[in-house]
Amino acid sequence: MTKSINTYLDIFSSVFEPILLEEMTSRAMLMNVSGGEIMISPDQPVLAVPLVLKGTFKVARITDEGQEVLLYYVKSGESCAMLLTFWMTTKVSSIKSVAEEDSILLCLPLPVADEWLIKYPSWKQFVMNTILDGFTGVIKSIDDVLFKKMDVRLVNYLKDKSKITNSTLINLTHQQISEDLGTNRVVVSRILKNLENQKKVLLYRNQIKLLRDL
């Protein structure tokens, strides 16, 4: 197991000091998460601090009406700002996090994560920076909802998804997109059709091909 963790920890070699990386190999564990699997749901306690070694996770807020609203993505080399906040405040989760693809997590026991805040300055800095970046992402999501038209939000969403997956082919249904954006499927379909007419995308069954002019 140690050898496997060492292989993935290269992604953090410029973030944490070597002695901390070495301690991670003996005090943390790997977790494989399948695409579509829920990492945590609202009202669940945080049992470990996760670092993403491989893959991408979608973080969403669930409204009182049960609607999912996309907040941000967590990629390899990162952790989830909201989960770090819940850990530090000993609160249960208020978000839902789902693996976008087959992913690998490094899970740190809570007492160990607490200990490292005092023992390793690089760990404390990583936690604080992650929380700051995460809440910056949340504020951006709120600004998008309040001030940007849905067509602009949809284009930005598609570009972000393309960047995360490193592909111009987006494998999502119109319904899935509408749930992420907190809108109606009919609205998404209409905007996508307009984009296709403008030769900015190509629409297939459950797929969207982004073109250069998008």
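The values are calculated or read from the model by the stated rules, or taken from the named source; none is laboratory data. Since the structure is predicted, the reported quantities are computational estimates derived from the model, not experimental observations. Don't worry about glycine lacking a Cβ; one is built from the backbone with ideal geometry, like all the others, and counts go over all protein chains shown. Accessible surface areas use protein heavy atoms only, side chains included; no ligands, DNA or RNA. Shrake-Rupley method; radii C 1.70, N 1.55, O 1.52, S 1.80 Å.
Just a few scattered comments:
- Scan of region 166-180 for residues that are in contact with a strand residue (DSSP E or B) (Cβ under 9 Å, 6 or more places away or on another chain), open to solvent by 70 Å² or more (accessible area, probe 1.4 Å) and not in a loop (DSSP other than H, G, I, E, B), ordered by number: Glu179
- For region 181-199, residues that are exposed (fewer than 15 other Cβ atoms within 10 Å of the Cβ) and under 18 Å from Asp144 (Cβ atoms) total 1.
- For region 181-209, the set of residues classified as among the basic types (Lys, Arg), at pLDDT 90 or above and assigned to a helix (DSSP H, G or I) consists of Arg190, Lys193, listed by residue number.
- All positions within region 48-101 that are within 10 Å of the chain's Cα centre (by Cα), in a loop (DSSP other than H, G, I, E, B) and hydroxyl-bearing (Ser, Thr, Tyr): Ser76, Ser79
- Here Leu108 fulfils each of the conditions (1) open to solvent by 30 Å² or more (accessible area, probe 1.4 Å); (2) over 20 Å from Lys161 (Cα atoms); (3) in contact with a Lys or Arg (Cβ under 8 Å, 6 or more places away or on another chain); (4) among the aliphatic types (A, V, I, L, M) apart from (1).
- Scanning region 14-45 for residues being closer than 26 Å to Asn171 by Cβ and of a type in the set (A, V, I, L, M, F, W, C) gives a total of 5.
- Where a residue in region 8-29 is surrounded by 15 or more Cβ atoms within 10 Å (Cβ to Cβ) and its partner, wherever it lies, is of a type in the set (S, T, N, Q) and part of a loop (DSSP other than H, G, I, E, B), with Cβ under 9 Å and at least six apart: Tyr8/Ser76; Ile11/Ser76; Leu21/Ser13
- Check on Thr90, hydroxyl-bearing (Ser, Thr, Tyr), loosely packed, with under 14 Cβ neighbours inside 10 Å and under 27 Å from Leu214 (Cα atoms): no
- For Asp144: the one exception among (1) modelled with pLDDT under 85; (2) of a type outside the set (Lys, Arg); (3) open to solvent by 30 Å² or more (accessible area, probe 1.4 Å): (3)
- Number of the condition not met by Glu65 [criteria: (1) open to solvent by 40 Å² or more (accessible area, probe 1.4 Å); (2) touching a residue at least 12 places away in the same chain (Cβ under 8 Å); (3) under 29 Å from Met150 (Cα atoms)]: (2)
- Matching entry among Asp102, Asp43 (being open to solvent by 60 Å² or more (accessible area, probe 1.4 Å), at positive phi and touching a residue at least 12 places away in the same chain (Cβ under 8 Å)): Asp43
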